[in-house]
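Report on one structure; see the data block that follows.
The values are calculated or read from the model by the stated rules, or taken from the named source; none is laboratory data. What you see is a predicted model; the values in this text were computed from it and never measured. We place every Cβ from the backbone using ideal geometry, glycine too, and count neighbours over all the protein chains shown.
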Amino acid sequence: MPKLSLRTTLALSFASISVLMSLLLSHSLERLANVPVGCLQSIVLMAGVAMAVLSALFGVLLAGRMARPMMQLSDAADRLRRGEDDAAIPTETAFRETWQLSSSFRRLIDTLRAEQTKLGVLNAALEEQVSARTLMLDTANRLLFDSLEERQQLVDRLKELANTDSLTQLLNRRAFQERADIEFKRLDRQSATLSVFIFDIDHFKRINDGYGHETGDEAIRMLARTAAGELREMDVLARFGGEEFVALLPDADLATAMEVAERLRAKITTLRIATPAGPIAMTASFGVAQWVPQVGIDTLIARADQALYGAKHTGRDRVVAWDE
Ligand SMILES: Nc1nc2c(ncn2[C@@H]2O[C@H](COP(=O)(O)OP(=O)(O)OP(=O)(O)O)[C@@H](O)[C@H]2O)c(=O)[nH]1
């Protein structure tokens, strides 16, 4: 059924009331002719009151029918705002205006729900993208970390290789120089003691020439292991080159260094190197020098070297201290 607008309803209603009242009046007009004026006044007054009461009742009825769907819409709006999905939107209303308002509201909600669904889909896609990116970043981070770690390991290994003598795994000459510099910087110039000894296999050329280079290498390795075993953790032992070694002994005076060198010399004489012709022995000569203030590492090594030269020229297989 087509809905009437509020304006039409009001106009029709008041017209009907007016027509009804006019009909009542016109039907009663003949009988009213003989009614005294005072009574007539009362009748008109009563008719006016009746019309007012009717209009008021009618107004209340109309307002109620108008207000109900609006209250329902307001209630539905509140429930939707709270996220309740079952908000009832009035479908049947008395007037065209409220019916239109209700339809527009319903369309608005349908549009909002459609947008919400679209947003949900977009949100899910976005979350998927974010977790994919996070995974990529994690992987990239891990790869970067791994490659940095690998790089650091490589650098460490290269440093180690650069500092290590490949035949004996002892420090090489360059690394010894660095460690000696550090020890010298640490030295308390007034009270510290420090000694150095250099030692060298006697007639090593004969071992090489007589039993081969491999046997010579084995002799060098054996001597390195033995020396490392005789020295303290804090001592610095290095292969200086060829069959020559150097040991730096912090906190050791000349007597102590001589003692250590002597113990090592004696131990070397007990070593036996396996050769195809049977085990062979070797000896080594030692030159020892103690640090004194004003003397640098190069001078100290040169003094130990001079002492070694002395040991070589006074019969070998001995320990000689540097002497001015
Ligand atoms: N097997 C081997 N031989 C080496 C190595 N480095 C140096 N040599 C050899 O060591 C020998 C050193 O000979 P020399 O300097 O004459 O010394 P030496 O025969 O020990 O004589 P003295 O030191 O005077 O007792 C040479 O034959 C070098 O070729 C090495 O790494 N391995």
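Checking the structure you have, find out if any residue of the range 204-224 is assigned to a helix (DSSP H, G or I), touching a strand residue (DSSP E or B) at 6+ places or on another chain (Cβ under 8 Å) and away from the ligand (no atom under 16 Å from the Cβ).
no
I'd like the full set of residues that are assigned to a loop (DSSP other than H, G, I, E, B) and either in contact (Cβ under 8 Å) with a residue 40 or more places away in the chain or crowded, with 16+ Cβ neighbours inside 10 Å (or both), limited to the range 165-181.
Hits for the range 165-181 are ASP165, LEU167, THR168, GLN169, LEU170, ASN172.
A quick yes/no check of all residues on (1) assigned to a helix (DSSP H, G or I); (2) out of contact with any Lys or Arg (no Cβ under 9 Å at 6 or more places or on another chain); (3) farther than 27 Å from ALA15 by Cα; (4) without any contact (Cβ under 8 Å) to a residue 12 or more places away in the chain:
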site	(1), (2), (3), (4)
LEU57	yes, yes, no, yes
ALA67	yes, yes, no, yes
SER74	yes, yes, yes, yes
GLY83	no, yes, yes, yes
ALA88	no, no, yes, no
THR93	no, no, no, no
SER103	yes, yes, yes, yes
ARG107	yes, yes, yes, yes
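So, of the residues in the range 182-203 that are away from the ligand (no atom under 11 Å from the Cβ) and in a strand (DSSP E or B), which turns out to be surrounded by the fewest Cβ atoms within 10 Å (Cβ to Cβ)?
Within the range 182-203, the match that is surrounded by the fewest Cβ atoms within 10 Å (Cβ to Cβ) is LEU194.
Answer yes or no as to whether GLY216 is assigned by TED's automatic domain parsing to the domain that holds ARG189 and surrounded by fewer than 16 Cβ atoms within 10 Å (Cβ to Cβ).
No.
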